[in-house]
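Written below as structure tokens is the structure these notes are about.
The values are calculated or read from the model by the stated rules, or taken from the named source; none is laboratory data. Here the structure is a predicted model, which means the values were calculated and not measured. Please note: Cβ atoms are built from the backbone with ideal geometry, for glycine as well, and neighbour counts cover all protein chains shown.
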Amino acid sequence: MLALKLGDTTEKQEYNDDNSPSRRWRTGDICPHCWADCTCCCCAGLSATVTDQGEYLPWCFLLEEVHQILGTIAYWTLPSLSTPTDMILMELPWERDDFIPLGAQMIPHAVRHMQELGAREQIGHIIDLPPVSPQWQYFPERRAALLTDCGFALQRETLRWECHVDAAVQVTSSRLLFRSLEDVGEAAFLDALERGTAGTLDRRLRQERDQVGAAQQAKDLMTLLQHFGHAPGWWQLAYTPTEELVGFVIPCTNATVGYIGVLPEQRGQGYIDALLARLTQTVATAGVSQMVADTDIANTPMANAFHRAGWRQRGRRQEYALHLSSERIANESA
């Protein structure tokens, strides 16, 4: 029987019932991305180990058997937080027939440890197609099979977009008037988000709205987007010349499109092009050179708008989640 241990076991060894060395975890001085210093996670664009305050988080682990590295896993969260939300850098010997039994021991241990560190509602994991830096996730079908076996469910699949801002800047339409969050106030922005998610083609937003209600979802969404980074004047509401609310643009300071949306009663009139042009112009004025975005694969109108504006599709992303309130997790934690 294999014995696995999460935590700092660099100086400790777990043994099987027959006293043979079992697989063990090491953490702290080794990073699973480069087998060296953990700071590489930040250099690679991941915030797995260092917070905004410079706090070191020993969240990188190795899975070993008799001093042989078999797998890796690390935890991730937004730089402004200190509680893990996602698993990243997950590697196993995917070519082997027993990759699912190996992963089925590794992942539950990681889940329990993440719960000890404060994870409450769900734990996420993403698969990028095709494989890209810094995770290089080859064998995507086997990864998906392992996640499903461990209780994860596919929450959303997206198209990934990028643009060189200077090349994508277009003249902002005179059809709309724009006012910043600072001008209209937080209440007006929350109302716009609450109205804007109605009838959304985004699978995850639709599920969240159904689960917690439109008002609470708007608050949660605004809090999440603020963690991605807000600059004064960037977040804006769009109005017609007769003061009818049309939609909103929310670019974030981490060079991502946090959210862009048109209210249900204004859809189908071509406003999305004007909103995207305004978003791009806003970040270009601030000196941003490149932006990235994700759209649900079902959100064809948004994908078409990115195409028209000169954005390039760079791949797809599958977003998985493990709900910690599920009966399976409760039984495993008992």
Here is a list: 281, 236, 226. Which entry is closer than 23 Å to residue 188 by Cβ, modelled with pLDDT under 95 and either among the acidic types (Asp, Glu) or over 21 Å from the mean Cα position of the chain (by Cα) (or both)?
281
Quick check on this structure: which one of 263, 201 is assigned by TED's automatic domain parsing to the domain that holds residue 311 and within 19 Å of the chain's Cα centre (by Cα)?
201
If I filter the range 204-216 for residues that are modelled with pLDDT under 95 and over 22 Å from residue 265 (Cα atoms), do I get at least one hit?
yes
Those residues that are crowded, with 23+ Cβ neighbours inside 10 Å and of a type in the set (S, T, N, Q), I need them from the range 273-293; list them, please.
280
Residues of the range 54-93 being closer than 23 Å to residue 252 by Cβ and β-branched (Val, Ile, Thr), which ones?
77, 83, 85, 88
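With respect to residue 141, determine if the residue is within 29 Å of residue 302 (Cα to Cα), within 15 Å of the chain's Cα centre (by Cα), surrounded by fewer than 19 Cβ atoms within 10 Å (Cβ to Cβ) and at pLDDT 95 or above. Spell out how you get there, then give the answer.
Details: within 29 Å of residue 302 (Cα to Cα): yes; within 15 Å of the chain's Cα centre (by Cα): no; surrounded by fewer than 19 Cβ atoms within 10 Å (Cβ to Cβ): yes; at pLDDT 95 or above: yes.
The answer is no for residue 141.
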Just name the residue that is modelled with the lowest pLDDT out of those in the range 306-318 that are over 22 Å from residue 138 (Cβ atoms), of a type outside the set (D, E, K, R) and surrounded by fewer than 17 Cβ atoms within 10 Å (Cβ to Cβ).
310
Inter-residue pairs, beta-carbon under 9 Å, first touching a residue at least 24 places away in the same chain (Cβ under 8 Å) and surrounded by fewer than 16 Cβ atoms within 10 Å (Cβ to Cβ) and in the range 93-115, second hydroxyl-bearing (Ser, Thr, Tyr) and part of a helix (DSSP H, G or I), 6+ apart:
112/333; 115/333
Got a sec? Which helices (runs of 4 or more DSSP H) wholly within the range 104-202 have at least 2 residues that are under 21 Å from residue 264 (Cβ atoms) and of a type outside the set (Gly, Ala, Ser)?
186-196
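Tell me, yes or no, whether the range 290-299 has at least one residue that is at positive phi and either β-branched (Val, Ile, Thr) or in contact with a Pro (Cβ under 8 Å, 6 or more places away or on another chain) (or both).
No, the conditions are met nowhere in the range 290-299.
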Scanning the range 124-138 residue by residue, the ones that are at pLDDT 95 or above and either within 15 Å of the chain's Cα centre (by Cα) or on the phi > 0 side of the Ramachandran plot (or both) total 6
Picking from 303, 321, 293, which residue would you name as being of a type outside the set (Val, Ile, Thr), at pLDDT 95 or above and within 30 Å of residue 116 (Cβ to Cβ)?
321
Would you confirm, using the coordinates I've provided, whether residue 118 is on the phi > 0 side of the Ramachandran plot, surrounded by 14 or more Cβ atoms within 10 Å (Cβ to Cβ) and either more than 15 Å from the chain's Cα centre (by Cα) or outside the structural domain of residue 296 (by TED's automatic domain parsing) (or both)?
no
Quick one: count up the residues across the range 295-327 that are outside any helix (DSSP H, G or I) and more than 25 Å from residue 144 (Cβ to Cβ).
4
Please determine, by comparing only the residues of the range 176-219 that are within 14 Å of residue 248 (Cα to Cα) and in contact with a Ser or Thr (Cβ under 9 Å, 6 or more places away or on another chain), which one is surrounded by the most Cβ atoms within 10 Å (Cβ to Cβ).
218
